[in-house]
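Remarks on the structure that follows.
Please treat every number below as a calculation from the coordinates, not as lab data. Every value quoted in this text rests on a predicted model; they were computed, and no experiment measured them. Here the Cβ positions follow ideal geometry from the backbone for every residue, glycine too, while neighbour counts run over all protein chains shown.
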Amino acid sequence: AAPVMLSRFRGALVGSVLGDCIGGEFEGAVDVPLDRVLQHLGALEDETRGDGILQYSDDTAMMQCVADSLLTRMAFDERDMARRFAKEYNLAPGRGYGSGVIQVLRKLASPHLKDVFQPAQAQFGGRGSFGNGGAMRAAPFALAFRSRADVCRYSRLGAMLTHSCSLGYNGAALQALAVHLSLQGALALPKEFINKLISEMEEMEKDETAQLDAKALNLSDFPYCSRLHRVKELMDRNSVSIEEVISELGNGIAALQSVPTAIFCVLHCLEPRDGLPERFGGLERTIAYSLALGGDTDTIACMAGAIAGAHYGIDPIPQSWQKSCEGVEEADDLARRLYDLYCLPQFEE
Ligand code: F2R
Ligand code: MG
Ligand code: MG
């Protein structure tokens, strides 16, 4: 039976934290043999290791800030969200933040700052960041807003607090949309799921700024649509190697090289896959496969974990995995509270 909506909400945020914590082991690795991934996952079942042994990184720290802000303000409030990012960074600066975004977070801490979007706009010589830091924390927007238009609008604005390049904020909107559709059960029809994402991104990438950014970076006119078409092509193939996925979609720290990849991981792992244990459920397969790609594993697994968790719900996620990861209980609590908020009339269209 399809999971109920509350279970999907909990699965989304818990899946996101699991991907971050479990994926952190291989972040930056070039070659990750599947044996090593399975060994790492097998160790999660060792009850003598202690609870919360795998710590979360910037991905979860910022996702918690997004969720806390939406819950407290019961709306998108850019000043509140920016303040929470800055405070969280100040409290725990060692969570593995991107080297550029640190400058933004320091500026956001200033009580004299008038425009909270300005520090992000000054990044990279005024071009803004195209990193995946906006996308990695985007899932709560899909849990707070019912309409697709609001999910897009607010996930983009939330990302713009640190990522002013359109590749950065459009990547965040794509991730939030994927979680939104997954919550609605859209992954039951994978082809329609990817087609919906493509048509939404076509609208977003028509924008003049998006076209100019793509040109400045020597990319095709509709960079996300083009990657999503590649996802579709890979889905149609009987067998796909890890090397092909990396060369077609990427596994890097840029949003363009990681958000479509995370979406592919979820789609590819809807079915059992060679090399992955038969006892694994869909979310376990998705996280295992994300790790085997190497590169930005914590973030790709975090984004894939959120989309997959929204599809499968909380119930099939192994307790041993949940117990091994720091921040799972907090994520579960945030998801329950976001569900209550989602059910309120003022969040309806
Ligand atoms: N930072 C990391 N991992 C590095 C190692 C961490 C290690 N564990 C440790 O503790 O030492 N991971 C986290 O960063 C990613 C999200 O980054 P975010 O928030 O997008 O940051 P930033 O700095 O804005 O962008 C990341 C890098 O992308 C390049 N870049 C972005 N825009 C650019 C532009 N316009 N021109 C040129 N380069 C650009 C830069 O190299 C940035 O530093 C996640 O993986 C998260 O897990
Ligand atoms: Mg990280
Ligand atoms: Mg990362």
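Just a few scattered comments:
- With the convex hull constructed from alpha-carbon coordinates only, segment 102-181 shows a mean projected area of 5.1 nm² over all directions.
- Added length on full extension, which subtracts the Cα-Cα distance from 0.36 nm per residue, Cys343 to Arg49: 102.0 nm
- A simple packing score, the average count of other Cβ atoms within 10 Å per residue, orders the peptides 140-150, 210-220, 278-288 as 140-150, 278-288, 210-220, with the highest score first.
- Segment Asp333-Val240, extension gain: residue separation times 0.36 nm, minus the distance between their alpha carbons: 29.7 nm
- Förster radius 25 Å - calculated FRET efficiency between Leu212 and Ala149 (Cβ-Cβ, nearest 0.05): 0.60
- Put simply, the amide H of Ala29, placed in the peptide plane, has neighbours under 5 Å in Gly295, Thr297, leaving out anything fewer than 5 places away on its chain.
- Qualifying lysines (Cα of each under 25 Å from Cα of Lys232; at least 8 residues distant if same chain): Lys191, Lys196, Lys206, Lys215
- Computed label-point distance, nm, for sites Arg127 and Asp31 using a 7 Å Cα→Cβ extension: 3.1
- Spatial separation of Cα centroids for segment 149-198 and segment 291-343, in angstrom: 17
- Relative packing of 35-47, 17-29, 120-132, which averages over residues the other C-beta atoms within 10 Å, highest first: 17-29, 120-132, 35-47
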